[in-house]
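Structure first, commentary second.
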Amino acid sequence: MKIFCIGRNYADHAKEMNSPVPEKPMIFMKPSTALLANNNAFYYPEFSSNIHYEVEVILKVGKNGRHIDQKFANSYYDMIGLGIDFTARDVQAVCKEKGHPWEIAKSFDFSAVISREFIPKDQLNLDDLNFRLEKNGEIVQQSSTKHLIFKFDKLISYISTMFTLKMGDMIYTGTPAGVGPVQIGDVLKGYIEDQLMFECEIK
Ligand code: MG
């Protein structure tokens, strides 16, 4: 399975990173070894001293396809989850400066928290889906999918012009403003509406 991630898909986050809002979806990928499932703890890696959380709504691809017309994109995902795109911000800054790829900052082992449960999309209002991240009981990120720059159907369609989508692939759809560092001992909890989707302790 493949994990696609979308960068800068909320204008307020692009702004906090001093990055321009992209004209097309910005895509990168994580390998399946990046997944951190079942509320397992995240162990702070040695190669970074500035790991940031980025809470993101996840689409689970429900059938195979390529060159999917946006009109039909809706039928290619049926389940919605929530996760974290952990980012080694210090490593990423060096990559950006040198014009290098981001993988070592974004795609390392256990950098992709994924909720155990996924919610059928027909139970949710995808045009205005509220989600949030709490760190040690305090809300640090909170937004709605109404603020997405590129909506889910556009992402499916665009990605599939270059990469065959396969059943079970995941798409992390981007993070809103409020990203920040984690420290050992922190506990992160992610919610869609008022449903607890994941919990992750930093060790
Ligand atoms: Mg992200």
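The values are calculated or read from the model by the stated rules, or taken from the named source; none is laboratory data. Computed from a predicted model, the values in this text were never measured in an experiment. FYI the Cβ positions are ideal-geometry reconstructions off the backbone, even for glycines, and counts take in every protein chain you see. Side chains are part of the model used for accessible areas, which takes the heavy atoms of the whole protein and leaves out ligands, DNA and RNA. Shrake-Rupley method; radii C 1.70, N 1.55, O 1.52, S 1.80 Å.
PHE108: under 16 Å from PHE28 (Cβ atoms) and buried (at least 20 other Cβ atoms within 10 Å of the Cβ), yes or no?
Answer is yes for this residue.
Enumerate the strands (runs of 3 or more DSSP E) found wholly within the stretch 141-201, keeping only those where 3 or more residues are within 15 Å of the ligand (Cβ to nearest atom).
It comes to 170-172.
Out of the stretch 136-152, which residues are within 16 Å of ILE84 (Cα to Cα) and open to solvent by less than 60 Å² (accessible area, probe 1.4 Å)?
Scanning the stretch 136-152 gives VAL140, GLN141, SER143, SER144, THR145.
Residues checked against (1) within 13 Å of the ligand (Cβ to nearest atom); (2) out of contact with any Ser or Thr (no Cβ under 9 Å at 6 or more places or on another chain); (3) in a strand (DSSP E or B); (4) open to solvent by less than 50 Å² (accessible area, probe 1.4 Å):
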position: ILE6; (1), (2), (3), (4): yes, no, yes, yes
position: ASN18; (1), (2), (3), (4): no, yes, no, no
position: ASN38; (1), (2), (3), (4): no, yes, no, no
position: HIS52; (1), (2), (3), (4): yes, no, yes, yes
position: ILE58; (1), (2), (3), (4): yes, no, yes, yes
position: LYS63; (1), (2), (3), (4): no, no, no, no
position: GLY83; (1), (2), (3), (4): yes, no, yes, yes
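Given the criterion touching a helix residue (DSSP H, G or I) at 6+ places or on another chain (Cβ under 8 Å), within 27 Å of GLN141 (Cβ to Cβ) and among the acidic types (Asp, Glu), identify the matching residue among ASP69, ASP109. Reasoning before the result, please.
Working: ASP69 fails: within 27 Å of GLN141 (Cβ to Cβ).
When all the criteria are applied, what remains is ASP109.
Can you name every residue in the stretch 153-186 that is open to solvent by less than 10 Å² (accessible area, probe 1.4 Å), out of contact with any Leu (no Cβ under 8 Å at 6 or more places or on another chain) and hydroxyl-bearing (Ser, Thr, Tyr)? Talk me through it step by step, then tell me what you get.
Taking the stretch 153-186 as the starting set, the residues that turn out to be open to solvent by less than 10 Å² (accessible area, probe 1.4 Å) are 155-156, 159-160, 165, 169, 171-176, 180, 182.
Filter again for out of contact with any Leu (no Cβ under 8 Å at 6 or more places or on another chain), leaving 160, 165, 169, 172, 175-176, 180.
Listed by number, the residues that qualify are SER160, TYR172, THR175.
Among the residues of the stretch 85-102, are any in contact (Cβ under 8 Å) with a residue 60 or more places away in the chain, polar (S, T, N, Q), within 12 Å of the ligand (Cβ to nearest atom) and in a loop (DSSP other than H, G, I, E, B)?
No, there is no match, as no residue in the stretch 85-102 is in contact (Cβ under 8 Å) with a residue 60 or more places away in the chain, polar (S, T, N, Q), within 12 Å of the ligand (Cβ to nearest atom) and in a loop (DSSP other than H, G, I, E, B).
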